[in-house]
Amino acid sequence: MDTINMDELFRMARAAADAAYAPYSRFRVGAALLSAEGTVFSGCNVENRSYGLTICAERSAVVQGVSRGCRSFIALAISTPDSAEPVGPCGACRQVLSEFMESGAPVRFGGSGVKQVDTTIGELYPYDSLHDLAGTI
């Protein structure tokens, strides 16, 4: 991906949702995360009977990218095909994403309907103390 094509990234997120393991919630989530080098890492949610051990799609994609040596990501798409409305990332995912993405990085999320939300990491996670304090301590 030479340029950020959010439509294509969202299609990749939707495909990733097909691999989700969600027998308890029946709520599949897929994520596609574009690295600064141009590689796309996809992830899906993986549930567990002990619900706190469930892995979100967004963090699954981050972990895949980091484990392959990437430390910088420039765009993210999230698909929740079992919801008519767009569902954004949870708080834990917002925290993790802010570790590896700049504030202005584009994010798109959408459900099974036509409505999609286009935003940025900074809008999802304002007051990012990690980056706000950088260079002051």
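No lab work stands behind these numbers, since they all come straight from the coordinates. What you see is a predicted model, and the numbers here were worked out from it, not measured in a lab. All Cβ positions, even for glycine, are placed from backbone atoms using ideal geometry, and neighbour counts span all protein chains on display.
The set of residues in segment 6-38 being touching an Asp or Glu at 6+ places or on another chain (Cβ under 9 Å) and of a type outside the set (Gly, Ala, Ser) consists of 6, 21, 23, 24, 26, 27, 28, 29, 33.
Kindly indicate whether any position in segment 74-91 is assigned to a helix (DSSP H, G or I), on the phi < 0 side of the Ramachandran plot and of a type in the set (S, T, N, Q).
So far as segment 74-91 goes, no, none of its residues is assigned to a helix (DSSP H, G or I), on the phi < 0 side of the Ramachandran plot and of a type in the set (S, T, N, Q).
Under 6 Å between Cβ atoms, at least 6 apart or on separate chains: pull out the pairs that start in segment 24-41 with a residue that is among the hydroxyl-bearing types (Ser, Thr, Tyr) and end on any residue that is surrounded by 22 or more Cβ atoms within 10 Å (Cβ to Cβ) and part of a strand (DSSP E or B). From residues that are among the hydroxyl-bearing types (Ser, Thr, Tyr), the pairs are 35/73. A count restricted to segment 48-58 and to residues that are out of contact with any Asp or Glu (no Cβ under 8 Å at 6 or more places or on another chain), in a loop (DSSP other than H, G, I, E, B) and either hydroxyl-bearing (Ser, Thr, Tyr) or surrounded by 18 or more Cβ atoms within 10 Å (Cβ to Cβ) (or both) stands at 2.
Screening residue 61 on (1) among the small types (Gly, Ala, Ser); (2) farther than 27 Å from residue 129 by Cα; (3) surrounded by 23 or more Cβ atoms within 10 Å (Cβ to Cβ) shows it passes everything except condition (2).
If you filter segment 60-73 down to residues that are part of a loop (DSSP other than H, G, I, E, B) and touching a residue at least 12 places away in the same chain (Cβ under 8 Å), you find that the one that is farthest from residue 105 (Cα to Cα) is 68. Residues in segment 5-47 that are aliphatic (A, V, I, L, M) and assigned to a loop (DSSP other than H, G, I, E, B) were compared, and the one that is nearest to residue 110 (Cα to Cα) is 29. Pairing residues of segment 94-112 that are surrounded by fewer than 22 Cβ atoms within 10 Å (Cβ to Cβ) with residues that are in a strand (DSSP E or B) and among the charged types (D, E, K, R), at Cβ distances under 6 Å and at least 6 apart in sequence or on separate chains, gives 108/118.
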